[in-house]
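Worksheet: one structure, shown below.
The values are calculated or read from the model by the stated rules, or taken from the named source; none is laboratory data. The structure displayed is predicted, hence computed values, not measured ones. Ideal geometry is used to build each Cβ from the backbone, glycine not excepted, and the neighbour counts take in all protein chains shown. Ligands, DNA and RNA are stripped out before the accessible areas are found, and what is left, the full protein with its side chains, is counted by its heavy atoms. Shrake-Rupley method; radii C 1.70, N 1.55, O 1.52, S 1.80 Å.
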Amino acid sequence: MNELYQQLIIDHGRHPRNHCACDQATHTHEGYNPLCGDKVKIYVEVEEDCIRQLTFEGTGCAISMASASMMTDALKDKSVDEAKKVFYAFRDVVTGEQQASENLGKLGVLAGVSAYPMRVKCATLAWHTFMSAIENSNETVTTE
Ligand code: ZN
């Protein structure tokens, strides 16, 4: 488990998926984690309640970038409601409220951060920013 966790973080950190701006985005939002210096901007294209495109731009530590990258892979092509459910499940796992279940798939490897409160903010930054994007909030997300 630990080895898989490290491999996935390194892989997504080095080769982030969907790491680009999205011109057709219907929702965008920026997030910032001042404790670590992680910054992300999330681009979502929602069409008929389905997430057609999900991309991000950002800089930060390996965990924040890997988590953003894995999130874009996991939530793309889901309905908005399904994506929200994955968000709540993921949040509960990385904060240690719940054990990782199989339906989280690869995201479950990020459960390892639950032991490190500082890292939880890195792992959830992109996710909170995504939620604000689809809810059209105007406030910049900060993990503080
Ligand atoms: Zn970080």
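Restricting attention to the stretch 111-144, report how many residues are at pLDDT below 85, out of contact with any Asp or Glu (no Cβ under 9 Å at 6 or more places or on another chain) and among the β-branched types (Val, Ile, Thr).
Number satisfying all stated conditions: 1.
Hey, could you check the stretch 115-125 for residues that are crowded, with 18+ Cβ neighbours inside 10 Å and not small (Gly, Ala, Ser) and say which is nearest to Arg14 (Cα to Cα)?
Cys122
Would you mind listing the helices (runs of 4 or more DSSP H) fully within the stretch 1-114 where at least 3 residues are open to solvent by 50 Å² or more (accessible area, probe 1.4 Å)? Before you say what the answer is, go through the steps one by one.
Working: elements: 2-14, 62-75, 80-94.
Of the helices (runs of 4 or more DSSP H) lying wholly inside the stretch 1-114, those with at least 3 residues that are open to solvent by 50 Å² or more (accessible area, probe 1.4 Å) span 2-14, 80-94.
In the stretch 33-68, what count of residues is obtained for those that are within 11 Å of the ligand (Cβ to nearest atom) and of a type outside the set (Lys, Arg)? Show your work before the answer.
As a first pass, look at the stretch 33-68 and keep what is within 11 Å of the ligand (Cβ to nearest atom): 33-40, 58-68.
This time we only want the ones that are of a type outside the set (Lys, Arg), so: 33-38, 40, 58-68.
Residues that pass the stated criteria total 18.
Val80 is checked against (1) in contact with an Asp or Glu (Cβ under 7 Å, 6 or more places away or on another chain); (2) under 17 Å from Arg17 (Cα atoms) and fails just one. What number does that condition carry?
(2)
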